[in-house]
Amino acid sequence: GGLLKTSSVDVRLETPSDSLNLLSVGLFAGGLGGVAGGGEPQEGEEEEEATGGMRLTLLGAHLRPYVFFVGTSELMGHVWSGTASEPTPALQGNILMMDHYQFMPLLNGLIVELKLQGALSLDLSGSIQISLWNRNSHSVVQTSGAAVIQASASVNCETVARSHVQVNVAGNSHLEFITDLEFYEKPYKMCIQMTQPGLVLRHNVRKQESVEGKKHFVRTLKRRSRSLPGNSYALHRKNEE
């Protein structure tokens, strides 16, 4: 019947041989029992000050914690003013994950120009609605991400021929952490959901060939897409304690 004090979400990129922690989001709160009508603390227990905030870790680097409120008066000020009742961004950024450029000589004397670039875009936002009349709340923390990888290979022999191949792979999705709380009576009722909608991966291949001195010019484009179903994740058993 208590209120959740800490929760965390980790977003990782994993391969069979390696793992990269992209983003970790940790929410913390304390001292909300009195605000929710939990009554006075038991004998021998000190009254905990109402606090709430968020911790962020980006690519293994710990960012400065963001404190939402300290004290009941500041919390109630946010409630009455409707702070963050609409989606509010907490972290936005673009990250260049890879940038490779290389010339590779072949046995026939030609030189291949190779390029590889990959970028990741992140957007973390959240919203919360609190009703003191109905004594309930609804909050959503949404982590959105989009990734694109572009690779190309070119062979340029100015006196004979030119050939160029470019491959693009892109996709975007988001993860929603939804919390519904009813605190009109004890035990408090809390429902936590973590969902991810379907993901569409797009794969494009462009090819261009030309031969000097001849009417030979070929340009092709192949588009492919793959849809991955959405997921609803099971949470740790400690959330039910």
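Quick note: the coordinates plus some simple rules give every number you see, no bench work behind them. Computed from a prediction, not measured in an experiment: that's the story for all the values here. All Cβ positions, glycine included, derive from the backbone under ideal geometry; neighbour counts span all protein chains shown.
Here are a few candidate values for log10 I(q)/I(0) by the Debye sum over Cα atoms at q = 0.08, 0.14 Å⁻¹: [x] -0.36, -1.17; [y] -0.49, -1.01; [z] -0.41, -1.02. Which one was actually calculated from the structure I just gave you?
Recomputing log10 I(q)/I(0) by the Debye sum over Cα atoms at q = 0.08, 0.14 Å⁻¹ here gives the entry labelled [y].
Could you check the simple spin-label distance between Val165 and Thr220, using points 7 Å along Cα→Cβ, in nm with one decimal?
1.0
Taking the Cα centre of the chain as origin, work out the dipole magnitude from +1 charges on Lys and Arg Cβ and -1 charges on Asp and Glu Cβ, in debye rounded to 20.
2100
Of Cys157, Phe68, Val79, which is farthest on the positive side of the dipole of segment 6-240, counting Cα position, with +1 on Lys and Arg Cβ, -1 on Asp and Glu Cβ, and the Cα centre as origin?
Value: Cys157.
Counting only pairs 8 or more residues apart or on different chains, how many lysine pairs in the chain have their Cα atoms under 23 Å apart?
9
Could you compute the longest span of the chain free of chymotrypsin sites (Phe, Trp or Tyr not before Pro) located in DSSP loops and having at most 14 other Cβ atoms within 10 Å, not counting the site residues?
It runs 1-132.
Counting other Cβ atoms within 10 Å, which GluC sites (Glu not before Pro) in segment 124-231 have at most 13 and lie in a DSSP loop?
Those that pass, being in a loop and sparsely packed, are Glu158, Glu185, Glu212.
Show that you can apply the helix-only estimate: for the chain, add -39,500 (n - 2.57) for every DSSP H stretch of four or more residues, divide by all residues, and state [θ] at 222 nm to the nearest 500.
Taking each H run of at least 4 residues, the total per residue is -1000 deg cm²/dmol.
Between Trp133 and Ala119, what length in nm is gained on full extension when 0.36 nm per residue of separation is reduced by their alpha carbon distance?
Extending this stretch completely gives an extra 0.4 nm.
Note the angle between two axes, namely the Cα long axis of helix 72-81 and the longest principal axis of the Cα atoms of the chain, as a number of degrees from 0 to 90, rounded to the nearest 10.
Tilt of helix 72-81: around 60 degrees.
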